[in-house]
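Peer 1: Quick one: the structure is below, questions incoming.
Nothing in this text is a laboratory measurement; each read-out follows from the coordinates by a stated rule. If you're wondering where the values come from, they're calculated on a predicted model, not measured in any experiment. Note that we place each Cβ from the backbone using ideal geometry, even for glycine, and neighbour counts take in every protein chain shown.
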Amino acid sequence: MINQIECRNPEPRPRLRRLLGRAVVTAMAVLCAVAGLVATAPGTARADQAPSFVHWAAAGPSGATGTLSGASVTLAGPMGTAFYLHDDYPNFNWSAFTPQLPATGMVEIVGGAGHTFTLTFGAPVQNPVMMLGSLGSIMTFPSGTSLTRVSGDSGFQTNGRVVTGTTGPTDSNGTIRLNGTFTSITFTLVPNFTGGNGLDGVFLQVGGTR
């Protein structure tokens, strides 16, 4: 007759349990610290990271200038006459825009036949966002541009590198994000009415992370 032998793992002694617990806590702390470093390392901004927005300082018929997180921003292209240069524009503060901004800067760009715009950043900007108010035009970015519709009303649509706004019953409003790191952004803006003729004023604010 063979006696059955029951094998059990011995319970850790109190001191051993304490040591094991400390080891687990230390390992978790190290992992969290490494994760934090990865999440905040330069050049690795997440798409959901809250952007900063341009402080527009000057604007005129052919462009505008400002700063983003201390670096220069230049916008070249046909402009309108509505400029908010004191961070007090209130109309990006509703559900079509993400994030909603109670008060911020704004410059008016003008869509028209052959109208081209170039944004130039004094330092690389990651995942730039564009608030587009009263958009009744078609905005087209260069081939290869990756963009995302972040939010907007029902008339605000994107398809590949093209953003489309409608004019009825009201102009469209929304936010897009360009995916990647940019030192400049070029786009065309052509009215989505009267066969692309006429002019369309669009309210613009630009943000991003560095």
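Peer 1: How far is it, in nm, from the label point at ALA58 to the one at THR148 when both lie 7 Å from their Cα along the line to the Cβ?
Peer 2: 3.6
Peer 1: Give, in nm to one decimal, the length gained when the segment between ALA123 and THR186 is fully stretched (0.36 nm per residue of separation minus the Cα-Cα distance). The partial results should precede the final answer.
Peer 2: Values: separation 63, 0.36 × 63 = 22.68 nm, distance 1.61 nm.
Working it through step by step, the gained length comes to 21.1 nm.
Peer 1: Quickly work out the ALA103-to-LEU199 label distance, labels modelled 7 Å from Cα along the C-beta direction, and quote it in nm with one decimal.
Peer 2: Those two pseudo-labels are separated by 3.0 nm.
Peer 1: With Cβ to Cβ distances under 15 Å as the rule, what net charge do the other residues near THR145 carry (K, R +1; D, E -1)? Let's see the in-between values first.
Peer 2: Values: positive: ARG149, ARG161, ARG177; negative: none.
Charge balance near THR145 sits at +3.
Peer 1: Now for a different question. If you take the C-alpha gyration tensor of region 52-209, multiply each eigenvalue by 5 and take the square root, what semi-axes do you get, largest first, in whole Å?
Peer 2: Working: eigenvalues 87, 55, 54 Å².
Square roots of five times the eigenvalues give 21, 17, 16 Å.
Peer 1: If you count, for each residue, the other Cβ atoms within 10 Å and average over each peptide, how do 54-64, 141-151 line up from highest to lowest? Mind dumping the intermediate values first?
Peer 2: On the way: 54-64: 17.3, 141-151: 14.0.
Taking the mean over residues of other Cβ atoms within 10 Å, the ranking is 54-64, 141-151.
Peer 1: Could you list the residues of region 109-141 with an amide nitrogen less than 19 Å from a label point located 7 Å from the Cα of TRP94 in the Cα-to-C-beta direction?
Peer 2: Only 131-137 pass the distance filter.
Peer 1: Compute the distance in nm between two label points, each set 7 Å from the Cα along the Cα-to-Cβ direction, one at VAL162 and one at ALA71.
Peer 2: Roughly 3.2 nm, to one decimal.
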